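Contents: one structure, followed by commentary.
Any read-out appearing in this document is the output of simple, stated calculations on the displayed coordinates, not a laboratory observation. Just so you know, these numbers come straight off a predicted model, no measurement behind them. Methodologically, a virtual Cβ is constructed for each residue, glycine included, from the backbone with ideal geometry; neighbour enumeration extends over all protein chains shown.
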């Protein structure tokens, strides 16, 4: 269905292309976008080569397209006419053609699609396209030519609102801590106390004045007190210190590398949320090398310590098959634990599994239930998803008034697609 809510995929821009048709042009376009988009590996979905053997490519495409705010469809001279070597039929006529699935999914979900026409390629006519791609022919396309590549690329970039496109929160969560200084918001109190149930691991030897590579000599005020409490073997304060560095709280300059060091100390000290936060940094490549295997390891440790963030994000890794083999049953188990533990991103992904029937019996009523919980928990995508169910009449009679109510909530929460659905 529309706007799937897979939590970890960060592809805000999806590039669709045929390798045999426009590989080098697409690579140059991708490189140019990388110069403009922060964390491009997370914010641009460019290639399916990273897909694990044995994974359902339809689910992978569905998940990736669902997370994008914009699709760029690169169309070269052979894009339409390429044939399958075995059948002799046009690839575009095959319902399982990657490119057809990608673009039809975006069109069905009303995700903006920008055709990029390579060299002298013209827009395909509607009568030449399969039924589910016909509306592509009415999209305004832009040229990308060899002899004017840079000016064409500038025109394309100027026409895209990249600030809006990459400003949306990902569907997996880093879980923002709240409160001033060493204080932690009461709603997270349980999660911040679970470290006491995990065997305490010693901090690094000699950790009496500073962490190696982190340092506290430049700190003052509440930040210094928090760091000192961390050094005094209070793992929850290490997590809070990591959060201050991650977000720039208490007047600190944001520093993801230092955040990672404090999160690691928190995790070594048995603080489950610190493990989950460290997994988040490894997943995004913030302050550390991106590493899905390590992300899974730290998410699992956090989840084992009863942290709902770790469980929710571990569930997503099973949905996507990143760092683990894709397994919807295990995904459902972990996102349900996260949701029941109060993590709204877990509810969002549980709704996604129910909506699509991945790993459990498809149920639009259950999808609506969990999308609403996600919406109430501050996930604007949950609001948008719920609005789509009401608009399409999948959880009862069509109800545009109710749909618009949830679109408004999603739009107010910062989800551009919800804003586009409003009358």
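Couple of notes before you dig in:
- In this rough spin-label picture, where each label sits 7 Å from Cα along the Cβ direction, the residue 28-residue 401 distance is 5.6 nm.
- Over segment 213-343, the pair-distance histogram of Cα-Cα distances with 10 Å bins from zero comes to 15, 42, 30, 11, 2 percent, rounded to whole numbers.
- Stretching the chain fully between residue 83 and residue 19 yields a gain of 21.7 nm (0.36 nm per residue, less the alpha carbon separation).
- For segment 207-363, relative contact order (Cα pairs under 8 Å, six or more residues apart, normalised by length) works out to 12 percent.
- Rounded if a/c under 1.5, otherwise prolate or oblate - segment 223-292, Cα gyration tensor axes: oblate
- Mean sequence separation of contacting Cα pairs (under 8 Å, at least six apart), scaled by the length of segment 328-404, corresponds to a relative contact order of 21 percent.
- Centre-to-centre separation between the Cα atoms of segment 373-406 and those of segment 257-271: 38 Å.
- Square roots of 5 times each gyration tensor eigenvalue, C-alpha, segment 264-423, largest first, Å: 31, 17, 13
- For segment 328-423, the square roots of the Cα gyration tensor eigenvalues, ordered a ≥ b ≥ c, give a/c of at least 1.5 with a/b no greater than b/c, which places it in the oblate category.
- An oblate overall shape is assigned to segment 60-118, the ratio a/c of its alpha-carbon gyration tensor axes (a ≥ b ≥ c) being 1.5 or greater and a/b not exceeding b/c.
- Pairs of Cα atoms nearer than 8 Å and 6+ residues apart set the relative contact order; for segment 272-313 it is 45 percent.
- Descending Cα extents along the principal axes, segment 265-342, whole Å: 32, 24, 15
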